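Before any comments, here is the structure.
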Amino acid sequence: QNGADKRSEESLDLYIELLRVIVQKLIRPLFETASDVLDEPPAKSTARGKSRNFGASNNQLSIASVKSIVGKLVGLLRQMIELINEHNCFGEAHALALATTCVCILRTPECDSLQILAVDLLSVIHSKFETVRGAVVEEVASEITRLPDAKADIRAFSVPGHQQKVRAVSALLIQLTHSFCQFSKDDLENESIAKKQLSEARVSLKWMLDFAIKQCFDNSDTEAKQAITLLLEDFLSLFGLIEWPGAELALQILFFHMASRLHPEQEQKRGSGDVFAKSAAIEWFGVLGQRLFSMLKDSLLENETKVHNKLGAFDLVVRLSGDSFNAKHAQDYWRCLMLSEPNAKIQISDGSENIGKAELERSLTLFLVNRPFSTKARTAVVDSLCAALSLPYPTLRTKSIKALGMLASAGEKELLSNSAVLDCIRLSCLDVSTLVRDSALDLVTKLTFLQHGSADQLAQFFDSTYETVIGRLLDMSTSVRKRAVSILRQILMQIID
């Protein structure tokens, strides 16, 4: 028996090494070669037709080789997942070696089927082998701020079942978060287990995001800042999908990072030199707030039929996720959330309600925008951006006004009804910086002429800013005076109409 186990272990070592060699020596070079060949313009017929035809044959051969090898590699990865799930011969050293190979696959662009399986395999390794989690987390964390050379390869991971494309590392972070949550049949309603697993998932994800953000801010690294911006956009894209509930936790962690950078107490501790970090936080707040307000607006346009009140939130989750990509881990993660929140209920109906998928998806939107994180974050984003207008740097005050402008395109009703926002706009129109005054008047234009707010709100807003706009006709800056004239001209045109 010992001899058989040793032979099995040696075979597995060779199997994993073969997989590594195929990925590093064949897959990546073949994809790069095939991509280069396909990107070349079609050859014109010349006297050297034989050479041209030979090039075309090589092109077809490259494409066929890539498809054949990828198909075989997909089979190998699936066998690896089965080995981990069903056999005990898979050790920690094997898991770590396989995780490194999977990360290499994630760096290979334009190979959707392989990347999906690599993400799935990494989440299985992360879930089954607690002792190698630290090494996997470190490997993944180092990938967050690494961007590919070609812009077309930045978002190469196709989200299964949806049209979105995200960075492979973004999808992997969420799947690793889901992999912490597992329930046995006897513990389906165990609240203490749910809270423990959710806490472990938070700690792991926070460590990875902290690692990336620290690298970005400590070195004032613009490429790392771009990578984290892409990460935030990916999380917001996945936030509306039922199969990716961990995106909400990721957004929470990033939100607290942004808020801490703009908090007045933190300003005193860090000093006034952390302009790069504050600038990044303001930009990220604009991206986050725009998405949250846009989701709120979409939900208000729909009929107020809250299907999840009839079915129960978890039943809504089960019906929408179905047999989708990694549905079991996603449903277990939702179960953890429901058990840890006092107002949510775990209930599964008998399926007798005849409810269409479109209605279920509308109910999902209402469910997400009314969750505690969404409601608190919308308010906190506006408050933080208003607070940033008191920072002693004109560039940061300008960015804050522009971030509020991003929110205006999606949540103008909320801004028009917020007295603190109106006070900040009036003060910004009198700012010592020309850029801030010009941006403030631009925000006045957006809020006045988007006209999605109620007539009373618009009238009240114009009354509160009219004298300020008139005063800018005497501004020392030509651009500010032009902006004020433009606002008044548009108002007069509306009155004439």
Given the conditions (1) under 16 Å from the mean Cα position of the chain (by Cα); (2) at pLDDT below 85; (3) of a type outside the set (Ser, Thr, Tyr); (4) within 16 Å of Ala227 (Cβ to Cβ), every one holds for Ala168 apart from (2)
Looking at Ser192, is it of a type in the set (Ser, Thr, Tyr), more than 13 Å from the chain's Cα centre (by Cα) and closer than 21 Å to Ala141 by Cβ? no
Every listed condition ((1) in a helix (DSSP H, G or I); (2) more than 14 Å from the chain's Cα centre (by Cα); (3) surrounded by fewer than 17 Cβ atoms within 10 Å (Cβ to Cβ)) holds for Ala212 save (3)
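Here is a list: Val382, Val436. Which entry is modelled with pLDDT of 85 or more and farther than 30 Å from Thr478 by Cβ?
Val382
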Restrict the check to region 388-409 and report whether at least one residue is part of a helix (DSSP H, G or I), open to solvent by less than 60 Å² (accessible area, probe 1.4 Å) and at pLDDT below 85. yes
Within region 371-382, restricting to residues that are within 13 Å of Asn418 (Cβ to Cβ), touching a helix residue (DSSP H, G or I) at 6+ places or on another chain (Cβ under 7 Å) and of a type outside the set (Gly, Ala, Ser), the one that is surrounded by the fewest Cβ atoms within 10 Å (Cβ to Cβ) is Arg378
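In region 215-224, is there at least one residue being assigned to a helix (DSSP H, G or I) and under 23 Å from Leu292 (Cβ atoms)?
Checked against the condition, which is being assigned to a helix (DSSP H, G or I) and under 23 Å from Leu292 (Cβ atoms), region 215-224 yields at least one hit.
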Selection over region 226-235 where residues are surrounded by 20 or more Cβ atoms within 10 Å (Cβ to Cβ) and farther than 12 Å from Ala171 by Cα yields a count of 2
Considering region 410-433, residues that are open to solvent by 60 Å² or more (accessible area, probe 1.4 Å), in a helix (DSSP H, G or I) and modelled with pLDDT under 90, and then whichever is nearest to Val480 (Cα to Cα), we arrive at Arg426
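The values are calculated or read from the model by the stated rules, or taken from the named source; none is laboratory data. Here the structure is a predicted model, which means the values were calculated and not measured. Neighbour counts run over all protein chains shown; Cβ positions are idealised from the backbone, glycine included. Protein only, heavy atoms only, side chains kept; ligands, DNA and RNA dropped before computing areas. Shrake-Rupley method; radii C 1.70, N 1.55, O 1.52, S 1.80 Å.
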